[in-house]
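Here is the structure we will look at.
The values are calculated or read from the model by the stated rules, or taken from the named source; none is laboratory data. No experiment lies behind these values; they were computed from the predicted model shown. Every residue, glycine among them, receives a Cβ derived from its backbone with ideal geometry; neighbour counts consider all protein chains shown. The area values use the complete protein model at the heavy-atom level, side chains included, leaving out ligands, DNA and RNA. Shrake-Rupley method; radii C 1.70, N 1.55, O 1.52, S 1.80 Å.
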Amino acid sequence: MGEQAQPPRPGIGVGVVITSPAHPKCVLLGKRKGPVGAGTYQLPGGHLEFGESLAECAARETLEEAALRLRNVRFASAVNSVCAAARYHYVTVLMKGEAEPGAEPTNREPEKNEGWEWVKWDEFPPADQLFWALRCLREQGYNPFTEELDHLKGYTGAHQLE
């Protein structure tokens, strides 16, 4: 008898909510390129490397993708994003950090991202234009301009996306 194929395991990602004193009430967003989520807005971030802390991953990915060094990196949230149609399942830990004063992003991965821009948190694109982890974060009610974690109360980790 043949073995049944096991579904792939979820990926582990780290997304970074970046603020800047030069851009009040804004966070850094890029627009994705590539086979998954092309044209949707994303935060800087990527895969957690073996042995790496969440803060180290956030700092590394931000430097690699946007050429920004971060200060005060800390936990913001976690989301469980599943889209069966795209065979996408990621648990993403969201970290928050501030860009160094006077620093502006540079798009260091133009094959993956159209570019970076500062967008007011209260003037975000609609949910269907956000890549899944960012969409889930917004649906939680997260606010990057408070230090409260109230958005996690009652969160069950069930985000089934289409």
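Does region 76-132 hold any residues that are surrounded by 15 or more Cβ atoms within 10 Å (Cβ to Cβ), small (G, A, S) and over 15 Å from the mean Cα position of the chain (by Cα), and which are they? Result: A99, A103.
If a residue has to be closer than 18 Å to W132 by Cβ and either open to solvent by 10 Å² or more (accessible area, probe 1.4 Å) or free of Cβ contacts under 8 Å to residues at least 12 places away in the same chain (or both) to count, how many in region 16-44 make the cut? Selection size over region 16-44: 13.
Scan region 106-139 for residues that are among the small types (G, A, S) and in a helix (DSSP H, G or I) and the total you get is 2. Just one of the listed residues (W116, W132) is among the hydrophobic types (A, V, I, L, M, F, W, C), touching a Gly at 6+ places or on another chain (Cβ under 9 Å) and modelled with pLDDT under 95, and it is W132. The residue pairs whose first member lies in region 138-162 and is under 16 Å from V93 (Cβ atoms), whose second member is modelled with pLDDT under 90, and whose beta carbons are closer than 6 Å, counting only pairs six or more residues apart or on different chains, are Q140/H151; Y142/H151; H159/S81. Yes or no: V73 open to solvent by less than 60 Å² (accessible area, probe 1.4 Å), free of Cβ contacts under 8 Å to residues at least 60 places away in the same chain, of a type in the set (A, V, I, L, M, F, W, C) and in contact with a strand residue (DSSP E or B) (Cβ under 7 Å, 6 or more places away or on another chain)? It is true that V73 is open to solvent by less than 60 Å² (accessible area, probe 1.4 Å), free of Cβ contacts under 8 Å to residues at least 60 places away in the same chain, of a type in the set (A, V, I, L, M, F, W, C) and in contact with a strand residue (DSSP E or B) (Cβ under 7 Å, 6 or more places away or on another chain).
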